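Please read the structure below before turning to the comments.
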Amino acid sequence: MQIALLIFMFILGAAFGSFFCCQVRRMEEKRKYPKRSICLHCKKKLKWYDNIPIISWLVLRGKCRFCHKKIGYAEIISELASAITLTMLGTTINVETANAETWLQFILITIFTLSLLFLAIYDGISGKLPTIALIASVVLGVIAIIPSFITNFSPMPFISAALFGGIYLILYLISKGKWVGDGDWILAGAIGLVLGHPWLALVALFIANFSACLIMYPLVKKSKNHQIYFGPFLVLAFVITYTFRDIILLCIS
């Protein structure tokens, strides 16, 4: 059953990654597209078997079946990243021993994570974090912590949110938006809230900044005007920290 859950989460993540990437493209171009997906180059409608997440991109080698122009890497990266993210999330629950409360918590965290994935894909493609989606992630974050907050009444989630979001807010104000974007502190606050512990927020902070510097340094070095979009790295930090939260807290204590 555990393996079945992980397979389901992988497929679910890939499907949502594909869907989110498609919607971001449509929102950014602000054009009216038909309900079915089309090639952005030749405008031909894609067949259903060309829309299978991950598999279709690999079979077509990242090119349109009709005009043979490159589709791009955003799609495959979004699908793989989302699939791996939800699969990692699936390891945080034991199917054999989970009760109703545990399943409810897991479902709420999964929904919250999906909202983060949308923000990460949007930020990765456009370099922006839409306000409505940010507000939605905060609301979903609050809903996600309700079951555990009722069981263990503690101010820790709010301290964690204030710490994580506050650091990014200070960086934003000091740099006047040059170091981090105006939506990064809100996203960090929502993540800190769900992580629920100041130490986990600090670990996520380190992972986000370290991974951003490690991956983006070559681009920044090549182009001095290149701006780092922290959204994807904040989401990466959340997934890693949340998945291994028990181990992290055990090591710290």
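In the context of the full protein assembly, PHE244 retains an accessible surface of approximately 90 Å², using a probe radius of 1.4 Å and ignoring ligands and nucleic acids. Screening the chain for whole DSSP H helices with an alpha carbon extent of at least 30 angstrom along the helix axis and a mean Kyte-Doolittle hydropathy of at least 1.6 yields 131-151.
Based on the convex hull around the alpha carbon atoms, the chain presents an average projected area of 15.4 nm². At an R0 of 25 angstrom, the distance between the Cβ atoms of ILE135 and ILE107 translates into a FRET efficiency of 0.75. Taking 0.36 nm per residue of separation and subtracting the Cα-Cα distance, full extension of the segment from PHE210 to LYS70 would add 47.3 nm. Each label was represented as a point 7 Å from its Cα along the Cα-to-Cβ direction; for VAL95 and GLU29 these points are 3.9 nm apart. If the limit is 20 Å between Cα atoms, which of LYS63/LYS128; LYS128/LYS176; LYS70/LYS128; LYS45/LYS69 go over it? In this structure, LYS63/LYS128; LYS70/LYS128 lie more than 20 Å apart at Cα. Calculated accessible area for the chain comes out at 57 Å² per residue, all protein chains present (probe 1.4 Å; ligands, DNA, RNA ignored). Put a dot 7 Å past the Cα of ILE150, heading toward its Cβ, do the same for ILE170, and the two dots end up 3.6 nm apart. In plain terms, the chain from ILE252 to LEU58 could stretch by 65.6 nm, reckoned as 0.36 nm per residue minus the Cα-Cα distance. Centre-to-centre separation between the Cα atoms of the range 56-124 and those of the range 7-27: 6 Å.
Nonpolar atom fraction for the chain, defined as the carbon and sulfur part of the 1.4 Å probe accessible area, stands at 69 percent. The peptide list 247-253, 115-121, put in order of mean Cβ contacts within 10 Å with the highest first, becomes 115-121, 247-253.
Other residues within the sphere of radius under 14 Å centred on the Cβ of GLY165, judged by their own Cβ, net out at -2 (K and R +1, D and E -1).
What's the longest uninterrupted piece of the chain once you rule out the trypsin sites (Lys or Arg not before Pro) that are loop residues per DSSP with at most 11 other Cβ within 10 Å? Longest site-free region, per DSSP loop and neighbour criteria: 62-175. Positive contributions from Lys and Arg (+1) and negative ones from Asp and Glu (-1), summed over other residues with Cβ under 12 Å from the Cβ of PRO130, come out at -2. When only the Cβ of Lys, Arg, Asp and Glu is charged (+1, +1, -1, -1), the dipole of the chain relative to its Cα centre reaches about 1780 debye.
The values are calculated or read from the model by the stated rules, or taken from the named source; none is laboratory data. In this text, all values refer to a predicted model and were calculated from it rather than measured experimentally. Reconstructed Cβ throughout: ideal geometry from the backbone, glycine too, with neighbour counts over all protein chains shown. In case anyone asks, the SASA skips ligands and DNA or RNA and just uses the protein heavy atoms, side chains included. Shrake-Rupley method; radii C 1.70, N 1.55, O 1.52, S 1.80 Å.
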